[in-house]
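First the structure, in the form of structure tokens, and then the observations on it.
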Amino acid sequence: MADPKNGLTYAQAGVDIDAGNEMVNRIKPLVRSTRRPGADGEIGGFGGLFDLKAAGFTDPVLVAANDGVGTKLKVAIEAGMHDTVGIDLVAMCVNDLVVQGAEPLFFLDYFATGKLDPEQGAAIVGGIAQGCLQAGCALIGGETAEMPGMYRDGDYDLAGFAVGAAERGQLLPSGTLSEGDVVLGLASSGVHSNGYSLVRRVVEMSGLGYDAPAPFDPSKSLGAALMEPTRIYVKSLLAVIRETGAIQALAHITGGGFPENLPRVLPAHLAAEIELDSISVPKVFSWIAGTGGVAAQEMLRTFNCGVGMIAVVKADEADRVADALEAQGESVIRLGRLAARGEGQAGVSYKGTLAL
């Protein structure tokens, strides 16, 4: 039996409370930078506070989303690049809020690791704060868990939780979707945060290290190119929703691509006809398809293939909405239209060929 005079400490068991306190001190300025109307508190309490009235809402409906980054984290860990994965974490949550017409209000994160490195942790939270700034939401709290034995040294996991709001009666999709409505695509920034189990397998097949020049972009290392963060569409979409009032539905193109995500916002009697020739496919997807021998249909159901968000509008509003989105900095693609959906027909059909 251990001598009680020389008993174990929590640190000897693998949990360093002092390292946790150091990380909190490092991230306080990052958290403070994300303040917005409705959220003015400091981290450190048992719960984060948000004042809906101070945020300007009168009769709000709350919308919540949670997500993670998936095995893109393995690329971050193996490439030693931790400063942007937090942007991905925020993006995967807040992009899901804005598709319902909601303004993201606040965000909380969960960061778990085997052994806490305050510098690494601060880099990750720095990315989360940057993502919150891009989305206009406040980082009001989170949890850091040091769990030796649960994760190998160097490994960590992330989860994010976002809450937004929309005034009652202004949620999307609208009930006015019909045949002939135009489907607009907003360009992605790359692979975003889906399909990385397949991406990592392709990297393995290529024999390249993450420090090697990216075959599809020699100006960057392969790791840096694959770590390009997910685009956050929140501010541009909210601006255009409020300016035009013409966006009827939005779909965030994540895992499952077009065939899984677009039907989620369409009524059962409508399908989307997508013109694949209209898509300018980023070179990273061509490299994945070519190196891994991945068929076009598999690419379309795994990746965004260059389109990270979809908007559906009336045909006579398409030009106005496209112009407004481009004025907000988005690259807009006319992807196709809505058509009648027959019994047993898929929610998405394709014309043309994906230029991989």
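Summary table below
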item: Label-point separation, GLU78 to GLU22 (7 Å along Cα→Cβ), nm; result: 2.9 nm
item: Shape of the range 86-204, Cα gyration tensor, a/c cut at 1.5; result: oblate
item: In Hz, Karplus ³J(HN,Hα) per residue of the range 102-107 (6.51, -1.76, 1.60; θ = phi - 60°; x = Gly, Pro); result: 8, 8, x, 10, 8, 9
item: Å² per residue, accessible surface of the range 150-263 at 1.4 Å; result: 41 Å²
item: For the chain, calculated [θ]222 nm from helices alone, where every DSSP H run of n ≥ 4 adds -39500 (n - 2.57); result: -9500 deg cm²/dmol
item: At R0 = 56 Å, FRET efficiency that the Cβ-Cβ distance of ALA340 and VAL15 yields, to 0.05; result: 0.40
item: Carbon/sulfur fraction of accessible area - the chain, other protein chains in place, 1.4 Å, %; result: 50 percent
item: Protection proxy ranking, peptides 303-315, 215-227, average beta carbon neighbours within 10 Å, highest first; result: 303-315, 215-227
item: DSSP-assigned coil residues among trypsin sites (Lys or Arg not before Pro) in the range 102-204, each with at most 12 further Cβ atoms within 10 Å; result: ARG152, ARG168
item: Distance between modelled label sites at THR244 and ALA145, nm, 7 Å Cα→Cβ extension; result: 4.3 nm
item: Virtual spin-label span in nm between SER33 and ALA54, 7 Å along Cα→Cβ; result: 2.2 nm
item: Residue-wise HN-Hα coupling along the range 214-219, computed from phi with Karplus coefficients 6.51, -1.76, 1.60 (Hz; x: Gly, Pro); result: 5, x, 9, 7, x, 6
item: Cα gyration tensor category, rounded, prolate or oblate, for the chain with a/c compared to 1.5; result: oblate
item: Dipole magnitude (debye, nearest 20) for the range 1-132, charges at Cβ of Lys, Arg, Asp, Glu; result: 100 debye
item: 29 Å Cα-Cα threshold exceeded, pairs from LYS235/LYS283; LYS283/LYS314; LYS72/LYS115; LYS72/LYS351; LYS53/LYS115; result: LYS283/LYS314; LYS72/LYS351; LYS53/LYS115
item: Whole-Å distance, taken between Cα centres, linking the range 246-281 and the range 216-236; result: 23 Å
item: Cα-centred dipole magnitude for the chain, charges only on beta-carbon of K, R (+1) and D, E (-1), debye, nearest 20; result: 260 debye
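The values are calculated or read from the model by the stated rules, or taken from the named source; none is laboratory data. All values reported here derive from a predicted model rather than from experimental measurement. Cβ coordinates were reconstructed from backbone atoms using ideal geometry, including for glycine residues, and neighbour counts include every protein chain displayed. For accessibility, only protein heavy atoms count, side chains too; no ligands or nucleic acids. Shrake-Rupley method; radii C 1.70, N 1.55, O 1.52, S 1.80 Å.
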